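Asks: Sharing a structure here in structure tokens format.
Read-outs throughout are calculated quantities, based only on the coordinates presented, and are distinct from any laboratory measurement. Quick caveat, the model's predicted, so the values are computed rather than measured. Note that we place each Cβ from the backbone using ideal geometry, even for glycine, and neighbour counts take in every protein chain shown.
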């Protein structure tokens, strides 16, 4: 597997999209499979947004100040996804709004991914060299091991503690 940060992010996107298709293909009556799939989506998105928010976006802001507005937008899109993930994490498929909330999450994340892959990643690849993308990717892989897996207050507290230390 490549250590290139953009390759790693695209692989995350591919896995999330696969899980979206899996969820969309499940029968309404299969609550157990739907819950397991949504929980996997929540975990994948929680790790992915954490890596981008903590490592990738700050680097983009540093190296490409012209993308500051796009990073602001991306961070707000992550915030919305995080809120939906937190709500879904505490729900079950028979709860009112479960499927609607999941559909909104899927739509929002699909748009985010499309924008990131078509607009942001090419600019980042052009600005950062192969070595820098590999170093960022290696850092992402190391942090992935300890990244939050569930959208809980613990993840937020971890970010606050990091900010206070920095």
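Asks: So if I check each of 55, 45, 26, which one is free of Cβ contacts under 8 Å to residues at least 60 places away in the same chain and in contact with a helix residue (DSSP H, G or I) (Cβ under 8 Å, 6 or more places away or on another chain)?
Replies: Working: 55 fails: free of Cβ contacts under 8 Å to residues at least 60 places away in the same chain; 45 fails: free of Cβ contacts under 8 Å to residues at least 60 places away in the same chain.
The unique qualifying residue is 26.
Asks: Moving to a separate point now. Going through 84, 51 one at a time, which residue ends up being surrounded by 19 or more Cβ atoms within 10 Å (Cβ to Cβ) and farther than 19 Å from residue 6 by Cα? Outline the logic, then answer.
Replies: Working: 51 fails: farther than 19 Å from residue 6 by Cα.
The conditions single out 84.
Asks: Out of curiosity, is residue 147 in a loop (DSSP other than H, G, I, E, B) and under 21 Å from residue 6 (Cβ atoms)? Quick ask: steps written out before the conclusion?
Replies: On the way: in a loop (DSSP other than H, G, I, E, B): yes; under 21 Å from residue 6 (Cβ atoms): yes.
Criteria met by residue 147.
Asks: Go through (1) under 25 Å from residue 22 (Cβ atoms); (2) free of Cβ contacts under 8 Å to residues at least 40 places away in the same chain; (3) surrounded by fewer than 18 Cβ atoms within 10 Å (Cβ to Cβ) for residue 117 and report which single condition fails.
Replies: Unmet for residue 117, out of (1) under 25 Å from residue 22 (Cβ atoms); (2) free of Cβ contacts under 8 Å to residues at least 40 places away in the same chain; (3) surrounded by fewer than 18 Cβ atoms within 10 Å (Cβ to Cβ): (2).
Asks: In this structure, is residue 64 buried (at least 16 other Cβ atoms within 10 Å of the Cβ) and touching a residue at least 60 places away in the same chain (Cβ under 8 Å)? Walk me through it before giving the result.
Replies: Values: buried (at least 16 other Cβ atoms within 10 Å of the Cβ): yes; touching a residue at least 60 places away in the same chain (Cβ under 8 Å): yes.
Judged against the criteria, residue 64 is a match.
Asks: Quick one: residue 134 ticks every box in (1) surrounded by 15 or more Cβ atoms within 10 Å (Cβ to Cβ); (2) touching a residue at least 24 places away in the same chain (Cβ under 8 Å); (3) over 19 Å from residue 14 (Cα atoms); (4) within 17 Å of the chain's Cα centre (by Cα) except a single one, so which number is it?
Replies: (4)
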